[in-house]
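J.: My structure is below; once you've seen it, I'll send some questions.
The values are calculated or read from the model by the stated rules, or taken from the named source; none is laboratory data. As the structure is a prediction and not an experimental result, all values here were calculated from the model. All Cβ positions, even for glycine, are placed from backbone atoms using ideal geometry, and neighbour counts span all protein chains on display. Heads up: the accessible areas ignore ligands, DNA and RNA and are worked out on the full protein's heavy atoms, side chains in. Shrake-Rupley method; radii C 1.70, N 1.55, O 1.52, S 1.80 Å.
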Amino acid sequence: QKEVEQDPGPLSVPEGAIVSLNCTYSNSAFQYFMWYRQYSRKGPELLMYTYSSGNKEDGRFTAQVDKSSKYISLFIRDSQPSDSATYLCAMRRNYGQNFVFGPGTRLSVLP
Amino acid sequence: SQTIHQWPATLVQPVGSPLSLECTVEGTSNPNLYWYRQAAGRGLQLLFYSVGIGQISSEVPQNLSASRPQDRQFILSSKKLLLSDSGFYLCAWSGGRSYGYTFGSGTRLTVV
């Protein structure tokens, strides 16, 4: 079993839809969780950062962590064609340790 | 503000040729530096990381090596490239008040 898993997609949705992107993980010691967005042929850029369980909202994006289920989600409201990218989750046990990345989910938002 | 520079953007090299990819960071001191390789559908594979000048940790045994000759410079090298070295190489840094990693724009390496 891989340490961090993501549905690779591709996921295609119409513009304006609510998108749910998910990661599951096996290491219950993970405490720091991140979501990155990567456009084609570019480096990943940090979208959201959360610590431990709970929700965090930033504009159209909401990150959710459920440590009891070892499951994290990224919700995108009112999705736009500019949201079309690959979304990577990442997590680590302690501050200062290296992050473990999921393989990424490719999202296409169709106009 | 902090910026990270990585070059070249694309590179086509013959099998058996040497490789040198360079990454520099500006606007911060004593960053942690990372080299990742990304293969299609396989996510990010950590190759090397460094917490200081001359300090290199290797995550996977392979045909590559890394060096950190200066505080904000990280170099990925190979003496003889293999076909399997093809991929998208990303440099990243962390430290200071940053929560996660900041990535460079990447180098797409094709070994032919």
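J.: Just tell me the longest site-free run in chain B, where the sites are trypsin sites (Lys or Arg not before Pro) in a DSSP loop having at most 12 other beta-carbon atoms within 10 Å.
T.: Excluding the exposed sites themselves, the longest stretch runs over B:1-41.
J.: Please go through the stretch A:23-57 and write out the chymotrypsin sites (Phe, Trp or Tyr not before Pro) that DSSP classes as loop and that have at most 12 other C-beta atoms within 10 Å.
T.: For chymotrypsin sites (Phe, Trp or Tyr not before Pro) across the stretch A:23-57 that sit outside H, G, I, E and B with at most 12 neighbouring Cβ atoms in 10 Å, the list reads A:Y39.
J.: Another one. I'd like the distance separating the alpha-carbon centroids of the stretch B:1-68 and the stretch A:1-60, in whole Å.
T.: Cα centres, the stretch B:1-68 to the stretch A:1-60: 24 Å.
J.: With both bridge residues required to lie in the stretch B:3-111, what share of the DSSP beta bridges run antiparallel, to the nearest 5%?
T.: The answer is about 90 percent antiparallel.
J.: Which parts of the stretch A:39-64, residue by residue, lose 10 Å² or more of accessible area when the rest of the protein chains are there, as against the chain isolated (1.4 Å probe)?
T.: When all protein chains are present, A:R41, A:K42, A:G43, A:P44, A:L46, A:Y49 each give up 10 Å² or more of accessible surface.
J.: Nearest 100 Å², what total accessible surface is buried between chain A and chain B (probe 1.4 Å)?
T.: Buried surface at the A/B interface: approximately 1400 Å².
J.: Tally Lys and Arg at +1 and Asp and Glu at -1 over the other residues with C-beta under 11 Å from the C-beta of B:F74: what net charge comes out?
T.: Summing Lys and Arg as +1 and Asp and Glu as -1 gives 0.
J.: Per residue, how much accessible surface does the stretch A:50-96 expose to a 1.4 Å probe? Answer in Å², no decimals.
T.: 47
J.: In whole Hz, with x marking every Gly and Pro, tabulate ³J(HN,Hα) for the stretch A:22-39 from phi via Karplus 6.51 cos²θ - 1.76 cosθ + 1.60, θ = phi - 60°.
T.: 9, 9, 10, 9, 9, 8, 5, 7, 4, 10, 10, 10, 9, 10, 10, 10, 10, 7
J.: Compute the signed sum of charges (Lys and Arg +1, Asp and Glu -1) over the other residues within less than 14 Å, Cβ to Cβ, of B:G52.
T.: Summing Lys/Arg as +1 and Asp/Glu as -1 gives +1.
J.: Taking all protein chains as present, what is the carbon and sulfur share of the accessible area of chain A, in % to the nearest whole number, probe 1.4 Å?
T.: 46
J.: Which percent of the accessible heavy-atom area of the stretch B:3-111 goes to carbon and sulfur, probe 1.4 angstrom?
T.: 52
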